[in-house]
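Working notes, beginning with the structure itself.
Each value in this text was obtained by applying a stated rule to the coordinates, not by laboratory testing. Since the model is a prediction, treat every value here as computed from it, not as a measurement. Here the Cβ is made from the backbone with ideal geometry for all residues, glycine too, and neighbour counts use every protein chain on show.
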Amino acid sequence: MSRSFVSLVVKAFTTAFLVFTVAATRPHAQAPDVSGLLRQIRAADKDLLAVSEEDGRFLRLMVAANGARRALEIGGASGYSAIWIGLGLRQTGGHLTTIEYDPARAKELADNIRRAGLSDIVTVVSGDAFKEIPKLPGGASPFDFVFLDAWKRDYKRFFDLVLPRLAPRGLFLAHNVVNKQGEMRDFLDAIHNDSRLFTSIVRPGNEGMSVSVKLSN
């Protein structure tokens, strides 16, 4: 393991500790009804599109640990993961753009973001992410945090589209990489073999999540 990677990890978790220490001293750092809203979203999730609570907490931690400021979510569903990411970005001063293909779910997603009090932090885009991502502003490397939870067989296509837009030291996370790995072999091969990345597979919940840090362009 390289000294630079160890330094990155130490810096990331030091940042996370400082962020959450500051957050704990702030009154009203989280709207009082967000926990209830998250439970409602999970209870209504008949299609099992939402991440687990453990995965949600992990996403919030990774946002804070990396000091993310410019986040992208591909596959927002009803907003469960977007709320967790948004809670992390509230502490870093960042912003999330979440894209959902299905118009009805995108409407529900926007409503849940509003109910969570995160409309100033999260922008909801309804449409095809393959078409919408190239339209997003921000220059050559507009994102420093990406969470992918869309159609599994499209993961490799999304990876190829987004990686050039991910800033060095940015994080690329993808969901369901354990329980649906058979649907994304090409993606898993890519993230493990790309020399620009360090990648690990973690299991905060049962589905598995890949975490890749981009070392360079």
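Of the peptides 93-104, 62-73, 120-131, the order by per-residue mean of other Cβ atoms within 10 Å, starting with the highest, comes out as 62-73, 93-104, 120-131. Taking other residues whose beta carbon is less than 12 angstrom from the beta carbon of ARG203, and scoring Lys, Arg as +1 and Asp, Glu as -1, yields -3. Annotation for ARG157 and HIS192: the two label points, set 7 Å from Cα along the Cα-Cβ direction, are 2.4 nm apart.
Using C-alpha pairs under 8 Å with a sequence gap of at least 6, the mean separation divided by the residue count of segment 3-214 gives a relative contact order of 17 percent. DSSP finds beta bridges in segment 3-214, and of those with both partners inside it, around 35 percent are antiparallel.
Dipole magnitude for the chain: computed about the Cα centre from +1 point charges on Lys and Arg Cβ and -1 point charges on Asp and Glu Cβ, it is near 560 debye.
Comparing LEU87, VAL213, GLY127 along the charge dipole axis of the chain, the residue lying farthest to the positive side is VAL213, per the Cβ-charge model.
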